[in-house]
Amino acid sequence: MPVEPEKSLNPANPKPALLVMLEVNEEKGTKIVYSEGKTARDAEEIILAMADSVRTYQALELLTEKLRTELKYSTASINPVVDLQTPGAAFYEVEFTLIGIDKTKKEKQQPKIEPTIVSTKQPDSPQINFSNTVYFVLDLLTGTITSKSGDLTTLFSGLGIEPDMRIIPLLKRIHPADLRFFKSKFREAFAGTQVDFNYRIYTDDQQLKYIRHFVQPVFTAGKPVAVQNLIIDVTYDKELALRLRRSEEKLRILFETADDLIFVLDQRGNFSSVNALGALSLEYLPEEMTGKHFISFIEDDQRSIIAVSFKELLKISKLVTFEVAFITKFGKKLTFEINARPVYTQKNRFDGIVGIGRNVTSRIHDQEMMSDLNNKLIEANRIISIERDRVKQRISVLEELNHLKSEFVANISHELRTPLASIIGFSETIDSDSDMPESVRNDFNKIILTEAKRLAELINDVLDISKLEGGKVILNRSDFDPIDVLNEAVGNVKKYAEEKSIAIIEEYPDNNVIINADKDRILQVFENILSNAVKFTGPGGRITIFARLRKNELEVIISDTGIGIPKKDLPHIFQKFYRVSRSDNSIPGSGLGLSLVKQIIDLHKGFITLKSEENNGTTVIMKLQLIPKRYTNSG
């Protein structure tokens, strides 16, 4: 639940006459944590009546204004208690102050007390000079206060200090909830008993003070005729106690709401206290853990290690951090990082251990995965280095990887954006123009279909390369005639060649040729090379296909009379997304075809190379291993 900043309904901010701490829960409404003040009981009744509907800060503001109005306070302020915030709940201290004194209430008439003894001997009056302390004598015959001394502002401010001042004005200052108790104690004093008790009074400015009152009766002829009164202002002590109670309440809330495992062990190492959420993280209830030894929840293999950690903790008497593997109630293993330190009594005797444990199971799992990935990365870098050395690349492995990564992101973004832009543009045009001629609509649909197929082909190529490079492709090897596969590939591109009037010349060996390879992948290789040959060969050109046997290898040569490749681009031609820079970029392509071909040939332990001159065509040479001792050399 969001915590709103401190907000005052009025600018004045004197010491509060009413203080209320509330927990505002988004699901359960509002709960009173504590309340303090003259009208605390009335405030609690109003709060309880609206508690279920106050679930947000705005609703809290309305409740605060209602309290201020009905209880006739001058100002009110809402202060968030940030360190107690929990998900879904927030804590606020609401303060109310009253400027001036309400004198509209009629004073209740007190019955006149007739004295039973005409004369009395007053006791000697000590002089009190301590701050926040007042001494006076109450004459039981006349009801007047005499022999006042000490810090008179504590009790007599605003009442005057006339010699015949009576006790009734003082009684009006007593908190209504304490008045009956005050009277009962004074009746005990009137009966001749020495008493001391605590109660609350209000000052002139309606500030609440806590009083410690000692009453000593004075006897004449065996009857009490006066009482000596010693009053000590213990407000400061009470406020300290109140702050301590609030701190304890905050600590209790923190203890109850913390996700970490918070615990206290006794002198024998048994759990004497454990927070609920911490126990639940181990799948126990707090009472199921209380009284049991810490070691009993630890994995067997680690018990000796934990015993050593505890001995070290007792030896240095400081905070000790260690990791421990807990076994949950249902057998799961969870690793916690424990911060613990010993607790000693005032006589320096060991009294137990306090500790906080954080569940680091996920972190350790991530570290183990990271270590495993690092090992795999080291192995991958080693293999990449070998491959780079084999093709005599002079770029370091890390520079190559960074370059390829950046190039991959840039090229894939461009290649995906181009067909998508065409598809979206033509689709929007068709959708927005209901009067479009059917012929134009058909042309647009064809463009959309062509671009969609291009996009699908690009995605398939990227997935294939990713699988091949990641070693996730398992070759589906079988014995077959590669010449049949080559003929199938020629048939797949022949239509496009005929559209450009490109002649395809084929020359194959008479012998039966059998290889053990992945038929679909070899077909993919032949189709990619032939498609490039058709794509980059102009109308009226020629494509020549040779297949011949060389010892234990089948050599396939595909040559075209196309536009060729500049010499400077040849070393990079098998790299992913590499495209030859040309002044005319009208020929579409993703730059993945030859990279995919190279990956497949390498996976078959074959060989591929490419020779080309700009404007003089391109020749691709491939070699695939035959099945040993089955075929003779015809070349």
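Contact map, the range 43-61: residues that are without any contact (Cβ under 8 Å) to a residue 24 or more places away in the chain paired with residues that are open to solvent by less than 20 Å² (accessible area, probe 1.4 Å) and assigned to a helix (DSSP H, G or I), Cβ distance under 7 Å, separation 6+ or inter-chain. Pairs shown: MET50/LEU63. Which of the numbered conditions does GLY29 fail, given that it passes all the others? Conditions: (1) under 21 Å from THR97 (Cα atoms); (2) out of contact with any strand residue (DSSP E or B) (no Cβ under 7 Å at 6 or more places or on another chain). Status for GLY29: all satisfied but (1). If you filter the range 31-54 down to residues that are open to solvent by less than 70 Å² (accessible area, probe 1.4 Å) and farther than 25 Å from GLU239 by Cα, you find that the one that is farthest from the chain's Cα centre (by Cα) is ILE46. Taking the conditions (1) within 25 Å of LEU98 (Cα to Cα); (2) modelled with pLDDT under 80; (3) not basic (Lys, Arg) in turn, TYR202 satisfies each one other than (2). In summary, GLU323 fulfils each of the numbered conditions (1) assigned to a strand (DSSP E or B); (2) more than 30 Å from the chain's Cα centre (by Cα) with the single exception of condition (2). The residue that is modelled with the lowest pLDDT, among those in the range 123-145 that are open to solvent by 40 Å² or more (accessible area, probe 1.4 Å) and hydroxyl-bearing (Ser, Thr, Tyr), is SER125. In the set (1) within 26 Å of LEU22 (Cα to Cα); (2) free of Cβ contacts under 8 Å to residues at least 12 places away in the same chain, the condition left unmet by ILE316 is number (1).
Let's see how each residue does on (1) within 32 Å of the chain's Cα centre (by Cα); (2) of a type in the set (Lys, Arg); (3) surrounded by 20 or more Cβ atoms within 10 Å (Cβ to Cβ); (4) under 22 Å from LEU208 (Cβ atoms):
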| site | (1), (2), (3), (4) |
| --- | --- |
| LYS28 | yes, yes, no, no |
| THR75 | no, no, no, yes |
| GLN85 | yes, no, no, no |
| PHE91 | yes, no, yes, no |
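Looking at ILE545, ILE522, ILE557, can you tell me which residue is assigned to a helix (DSSP H, G or I), open to solvent by less than 30 Å² (accessible area, probe 1.4 Å), closer than 28 Å to GLN625 by Cα and at pLDDT 90 or above? Full working, then the answer.
Values: ILE545 fails: assigned to a helix (DSSP H, G or I); ILE557 fails: assigned to a helix (DSSP H, G or I).
Selected residue: ILE522, the only one of ILE545, ILE522, ILE557 that is assigned to a helix (DSSP H, G or I), open to solvent by less than 30 Å² (accessible area, probe 1.4 Å), closer than 28 Å to GLN625 by Cα and at pLDDT 90 or above.
Would you say MET370 is open to solvent by 60 Å² or more (accessible area, probe 1.4 Å), farther than 30 Å from ASP518 by Cα and modelled with pLDDT of 80 or more? Even if it seems obvious, please write down each step before you answer.
Working: open to solvent by 60 Å² or more (accessible area, probe 1.4 Å): yes; farther than 30 Å from ASP518 by Cα: yes; modelled with pLDDT of 80 or more: yes.
Taking the combined requirement at face value, the residue satisfies it.
Of all residues in the range 560-569, those satisfying the criterion of being open to solvent by less than 50 Å² (accessible area, probe 1.4 Å) and within 55 Å of the chain's Cα centre (by Cα) are ILE565, PRO566, ASP569.
Counting just the residues of the range 475-487 that are over 57 Å from the mean Cα position of the chain (by Cα) and within 13 Å of GLN524 (Cα to Cα), which one comes out most open to solvent (accessible area, probe 1.4 Å)? Spell out how you get there, then give the answer.
To start, the set of residues in the range 475-487 that are over 57 Å from the mean Cα position of the chain (by Cα) comprises 480-484, 486-487.
In the following step, the residues that additionally are within 13 Å of GLN524 (Cα to Cα) were identified as 482, 486-487.
Values: PRO482: 1, LEU486: 2, ASN487: 67 Å².
Ranking the candidates gives ASN487 first.
Of the set (1) in contact with an Asp or Glu (Cβ under 9 Å, 6 or more places away or on another chain); (2) at pLDDT 90 or above, all apply to GLU506 but (1). Residues that are aliphatic (A, V, I, L, M) and touching a strand residue (DSSP E or B) at 6+ places or on another chain (Cβ under 9 Å) were ranked within the range 168-190; the one that is nearest to ILE145 (Cα to Cα) is LEU170.
Name the single residue, out of those in the range 242-291 being of a type in the set (Phe, Trp, Tyr) and either under 30 Å from GLY37 (Cβ atoms) or assigned to a strand (DSSP E or B) (or both), that is most open to solvent (accessible area, probe 1.4 Å).
To start, the set of residues in the range 242-291 that are of a type in the set (Phe, Trp, Tyr) comprises 255, 263, 271, 284.
Among the residues that remain, those that are also either under 30 Å from GLY37 (Cβ atoms) or assigned to a strand (DSSP E or B) (or both) are: 255, 263, 271.
On the way: PHE255: 57, PHE263: 5, PHE271: 2 Å².
Checked the range 242-291; the qualifying residue most open to solvent (accessible area, probe 1.4 Å) is PHE255.
Please tell me if ARG363 is at pLDDT below 85 and either under 40 Å from the mean Cα position of the chain (by Cα) or loosely packed, with under 10 Cβ neighbours inside 10 Å (or both). Answer is no for this residue.
Restrict the check to the range 303-317 and report whether at least one residue is of a type outside the set (D, E, K, R), outside any helix (DSSP H, G or I) and crowded, with 17+ Cβ neighbours inside 10 Å. Scanning the range 303-317, I find no residue that is of a type outside the set (D, E, K, R), outside any helix (DSSP H, G or I) and crowded, with 17+ Cβ neighbours inside 10 Å, so the answer is no. Checked against (1) in contact with a helix residue (DSSP H, G or I) (Cβ under 8 Å, 6 or more places away or on another chain); (2) in a helix (DSSP H, G or I); (3) among the hydrophobic types (A, V, I, L, M, F, W, C), ILE483 passes all but condition (1).
Which residues, counting only those in the range 191-241, are among the charged types (D, E, K, R) and either farther than 21 Å from THR146 by Cα or open to solvent by less than 60 Å² (accessible area, probe 1.4 Å) (or both)? Once the filter is applied, which keeps residues that are among the charged types (D, E, K, R) and either farther than 21 Å from THR146 by Cα or open to solvent by less than 60 Å² (accessible area, probe 1.4 Å) (or both), the range 191-241 yields ARG200, ASP204, ASP205, LYS209, ASP233, ASP237, LYS238, GLU239. Within the range 315-328, the set of residues being of a type outside the set (A, V, I, L, M) and at pLDDT 90 or above comprises PHE326, THR328.
The values are calculated or read from the model by the stated rules, or taken from the named source; none is laboratory data. Just so it is clear, the model here is predicted, and its values are computed rather than measured. When we count neighbours, we look across all protein chains shown, and the Cβ atoms used for this are built from the backbone with ideal geometry, even at glycine. Ligands, DNA and RNA are stripped out before the accessible areas are found, and what is left, the full protein with its side chains, is counted by its heavy atoms. Shrake-Rupley method; radii C 1.70, N 1.55, O 1.52, S 1.80 Å.
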